[in-house]
Amino acid sequence: MQKLVLFALAGATTLSVSVYAHSDRDRGFHKRPHFLQGQIHHNRYDGASNDLLTGGLGASGLASATPPAFVDPLNPTAEELRTLAIYNNYRALVDTAAGGGFGQFFGPQVDAGNDGRIPGHEFLAYLTTTGTGKTTAMVQIPDGFDPNDPCMVTAPSSGSRGIYGAIGTAGEWGLKKGCAVVYTDKGTGTGSHDLTGNTAQLIDGRLTTARGARMQFRADLHPRERRQFNAEYPNRFAFKHAHSRNNPEADWGQHVLQSIEFGFYVLNRAYRRSASFTPENTLVIASSVSNGGGASVRAAEQDTRGLIDGVAVSEPNVNPTVLEGMTIRQGEAAPISAHSRSLYDYTTALAVYQGCANLAPENASAPLNAVFNKTDVDTNICRSLSEKGLVAGSSLAEWASDAQRILNEEFALQPEQNALAPLHFGINVPQSIAVTYANSYGRFGVEDRTCELSMAAADSSGLPAPLSDLQQAALFSTSNGIPPTGGVNLIYDNASGGPTNLPLSISPSTGVQDYGLDALLCLRSLASGTNTASGTKLRGKPAAQARAVAKGIEAVRASGDLNGKPAIFVTGRADAVLPINHTSRPYFGLNRSIEGEASGLRYYEVLNAHHLDALNGFPGLNERYVPLHYYYFQALDLMYAHLKTQKALPPSQVIRTTPRGAGAPALSQENLPEIAIQPAELDRIVFSDNQVQIPE
């Protein structure tokens with residue numbers, strides 16, 4: 001293997017930007033990109049004491065239920081923060097429980113030695129963005145990178161996660177393949193600002209209160225404004241995704257494209273005496289899952305320079321432009337025309353109605369429903385919705401069933417998603433998304449407290465309290481960027497009795513503990529543009545906020561035009577976070593309507609699979625669901641073979657998996673049929689007569 005000539009340095013090093021001065025500075029991808037800010041931070045990992053993929057833990061350490069500890073819990077080092085961040089981000093996306101496929105079908109140790117530890121070089125830098133937050137980018141070059149056969153994989157973070165948010169997905173596949181992997185937190189990430197202590201995080205997660213320090217994010221409040229805010233709302237936090245005033249999602253595609261350019265620049269500096277890397281001689285696959293997958297799709301749409309060769313994503317968060325007249329039909333069911341709703345639209349509907357739907361008789365056996373949801377609170381939600389005329393019926397069971405009907409019929413959520421939605425509500429998935437994206441789309445600041453909601457730690461009574469020093473020291477590594485997370489909760493400031501943790505809140509309009517339904521109805525009103533409780537038109541400040549949110553949503557709509565690039569979407573039919581009738585299915589139809597027979601997009605819909613594989617380790621879910629992660633890696637393998645050898649991509653299809661069943665015996669190949677090279681006609685997904693046709 002050819003040796004890196006600039007960055008092959010022992011130990012951890014921070015390289016000043018001046019190091020990169022070079023006579024060929026103006027040569028395309030050899031030139032330092034104009035969008036890089038400040039220093040590029042470089043570390044070399046030897047694959048023994050530490051590594052690129054597992055943070056030195058190895059596959060066995062990632063599978064351990066005991067997280068890595070800090071020597072000094074109040075003052076963790078950058079390396080300790082990195083290791084814990086890798087541990088938490090990996091386990092958040094991949095099921096590491098015994099019998100679920102880890103170590104057999106996927107995992108760092110599969111087809112690799114050294115317990116999955118991969119030596120190599122890592123580079124961190126900030127990208128220029130608008131607003132008050134900074135976008136972080138990272139390049140990892142494994143020692144197995146072959147400059148004579150170069151490849152690169154994009155790994156934008158899933159969800160609102162930080163820079164290591166795709167380490168276990170696109171990161172693992174790319175590093176094990178010997179590709180350079182380019183990451184970005186997409187302007188979301190774990191950047192938080194403790195408004196009371198004025199503490200924020202540096203690029204490596206360490207805390208600082210220094211003025212002018214290059215922290216990830218700090219709310220744009222004048223010191224006088226911050227003091228005034230703290231006096232009225234003490235112990236509050238601002239988060240980069242929610243409060244940067246930036247709507248970063250509108251730029252996700254550009255962030256991915258910039259990360260690719262950063263990758264080319266680093267490669268060209270590292271191998272400057274022996275090789276030159278350009279899009280013409282380097283295979284580039286745009287990848288990742290969830291929000292990261294959506295970011296890579298947007299990058300492919302916006303790629304005017306030919307940086308990307310192909311796309312392979314799992315469960316992508318795409319908000320496709322609405323194609324009028326198109327329908328979606330599954331089997332012999334009635335065609336669906338109310339598709340392509342925005343993330344904010346269907347998520348606020350779930351936030352309002354799902355608490356009541358938890359009690360629907362058909363959800364009695366939903367996994368962990370009774371564990372994560374309180375019957376009395378769900379009952380209060382149902383009663384409150386009935387009193388406001390938002391659900392029909394004369395009994396609790398009828399109210400709950402009508403709430404479920406509304407979600408399935410009016411919001412086109414597939415019945416396969418119903419069994420998972422109660423658990424998601426119990427762990428605050430729709431509520432957290434609704435709050436963060438309302439702020440992000442509307443470009444609201446922390447001081448706006450949209451719908452009277454803020455973010456803070458809470459005591460056992462639900463009252464706002466200081467986040468402990470131990471929790472704050474580790475927040476970079478424990479936060480997923482979208483509260484409730486890392487000890488920071490959603491606080492309903494207008495709750496009866498004073499600011500209260502949202503799940504414990506009493507709504508002023510009802511006087512009962514109903515999960516702060518008034519706040520959730522307010523968030524829903526910003527999606528519909530009308531007062532959800534009364535049906536009247538919004539006026540004044542709420543109307544202006546709704547218009548701002550709508551403008552933000554339009555800015556993130558995907559065009560469906562992949563510029564003829566080959567692409568693969570893999571999605572689980574039971575996805576209850578990004579419902580398929582609003583994401584992958586309509587995007588497939590939109591793309592086919594634009595690119596026709598020239599389209600290179602393949603869509604694989606996996607039965608008995610959903611959005612959050614990590615939940616498959618829980619009882620009840622392990623019996624019902626298979627890992628979508630397995631098919632994501634298979635999609636990457638298919639795309640790599642297609643780009644390297646022109647091997648044809650299999651047609652779009654439904655993949656009929658078999659759940660593990662009672663007692664959840666260890667996953668076997670019988671549970672996981674391969675993506676068929678030539679699927680049966682009855683399994684093929686097609687677009688015909690302006691309709692996406694999905695086999696049952």
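The values are calculated or read from the model by the stated rules, or taken from the named source; none is laboratory data. Note that the structure is predicted; figures quoted are calculated from it, not measured. Please note: Cβ atoms are built from the backbone with ideal geometry, for glycine as well, and neighbour counts cover all protein chains shown. With ligands, DNA and RNA removed, areas are computed over all heavy atoms of the protein, side chains included. Shrake-Rupley method; radii C 1.70, N 1.55, O 1.52, S 1.80 Å.
Going by the structure shown, is ALA648 in contact with a His (Cβ under 8 Å, 6 or more places away or on another chain) and either surrounded by fewer than 22 Cβ atoms within 10 Å (Cβ to Cβ) or among the aromatic types (Phe, Trp, Tyr) (or both)?
Details: in contact with a His (Cβ under 8 Å, 6 or more places away or on another chain): yes; either surrounded by fewer than 22 Cβ atoms within 10 Å (Cβ to Cβ) or among the aromatic types (Phe, Trp, Tyr) (or both): yes.
The answer is yes for ALA648.
Of the conditions (1) open to solvent by less than 10 Å² (accessible area, probe 1.4 Å); (2) modelled with pLDDT of 95 or more, ALA250 clears all except one; give me its number. With (1) open to solvent by less than 10 Å² (accessible area, probe 1.4 Å); (2) modelled with pLDDT of 95 or more applied to ALA250, the lone miss is (1). Listed by first and then second residue, the pairs linking a residue in the stretch 392-415 that is touching a residue at least 12 places away in the same chain (Cβ under 8 Å) and part of a helix (DSSP H, G or I) to a residue that is among the charged types (D, E, K, R) and open to solvent by 40 Å² or more (accessible area, probe 1.4 Å), with Cβ atoms under 6 Å apart and 6 or more places separating them unless they lie on different chains, form an empty list.
Every residue, every condition in (1) aromatic (Phe, Trp, Tyr); (2) assigned to a helix (DSSP H, G or I); (3) more than 27 Å from the chain's Cα centre (by Cα), yes or no:
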residue: ASP220; (1), (2), (3): no, no, no
residue: ARG224; (1), (2), (3): no, yes, yes
residue: ARG227; (1), (2), (3): no, yes, yes
residue: GLY253; (1), (2), (3): no, yes, no
residue: SER259; (1), (2), (3): no, yes, no
residue: PHE262; (1), (2), (3): yes, yes, no
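Looking only at the stretch 82-127, residues that are outside any strand (DSSP E or B), aromatic (Phe, Trp, Tyr) and open to solvent by less than 20 Å² (accessible area, probe 1.4 Å) come to 2 in all.
Among LEU601, LEU521, which is the only one that is over 20 Å from ALA635 (Cα atoms), in contact with a Lys or Arg (Cβ under 9 Å, 6 or more places away or on another chain) and either of a type in the set (Lys, Arg) or surrounded by 21 or more Cβ atoms within 10 Å (Cβ to Cβ) (or both)?
Numbers: LEU601 fails: over 20 Å from ALA635 (Cα atoms).
Answer to the selection: LEU521.
The requirement of being out of contact with any helix residue (DSSP H, G or I) (no Cβ under 9 Å at 6 or more places or on another chain), open to solvent by 60 Å² or more (accessible area, probe 1.4 Å), part of a loop (DSSP other than H, G, I, E, B) and under 30 Å from ALA231 (Cβ atoms) is satisfied by SER460. In the stretch 302-330, the residue that is nearest to LYS644 (Cα to Cα) out of those that are among the polar types (S, T, N, Q) and in contact with a His (Cβ under 9 Å, 6 or more places away or on another chain) is SER314. Just to verify a result, which residue in the stretch 57-76, among those that are touching a residue at least 60 places away in the same chain (Cβ under 8 Å) and either open to solvent by 40 Å² or more (accessible area, probe 1.4 Å) or among the basic types (Lys, Arg) (or both), is farthest from GLY113 (Cα to Cα)? The extreme case among them is LEU74. Against the criterion of being in a helix (DSSP H, G or I), within 20 Å of LEU643 (Cβ to Cβ) and open to solvent by 10 Å² or more (accessible area, probe 1.4 Å), GLU280 does not qualify. The listed residues are GLY174, GLY187, and the only one of them that is part of a loop (DSSP other than H, G, I, E, B) and within 20 Å of ALA85 (Cα to Cα) turns out to be GLY187.
Each residue in the stretch 426-445 was checked for being open to solvent by 10 Å² or more (accessible area, probe 1.4 Å) and among the hydrophobic types (A, V, I, L, M, F, W, C), and 4 pass.
Let's see how each residue does on (1) aliphatic (A, V, I, L, M); (2) surrounded by fewer than 18 Cβ atoms within 10 Å (Cβ to Cβ):
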| residue | (1), (2) |
| --- | --- |
| LEU307 | yes, no |
| SER314 | no, no |
| THR327 | no, no |
| ALA333 | yes, yes |
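How many residues are open to solvent by less than 20 Å² (accessible area, probe 1.4 Å) and under 28 Å from the mean Cα position of the chain (by Cα) when one looks only at the stretch 665-694? Here the count works out to 7. From the list ILE118, ILE141, ILE167, the one residue that fits, being under 30 Å from ALA219 (Cβ atoms) and aliphatic (A, V, I, L, M), is ILE167. A single member of ARG557, ARG585 is under 20 Å from the mean Cα position of the chain (by Cα), open to solvent by less than 30 Å² (accessible area, probe 1.4 Å), under 29 Å from GLY325 (Cα atoms) and not aromatic (Phe, Trp, Tyr), and it is ARG585.
Pick out the one residue from ASN494, ASN591, ASN581 that is at pLDDT 95 or above and in a loop (DSSP other than H, G, I, E, B). Walk me through how you get there before you give the answer.
Values: ASN591 fails: in a loop (DSSP other than H, G, I, E, B); ASN581 fails: in a loop (DSSP other than H, G, I, E, B).
Just a single option satisfies the conditions, and that option is ASN494.
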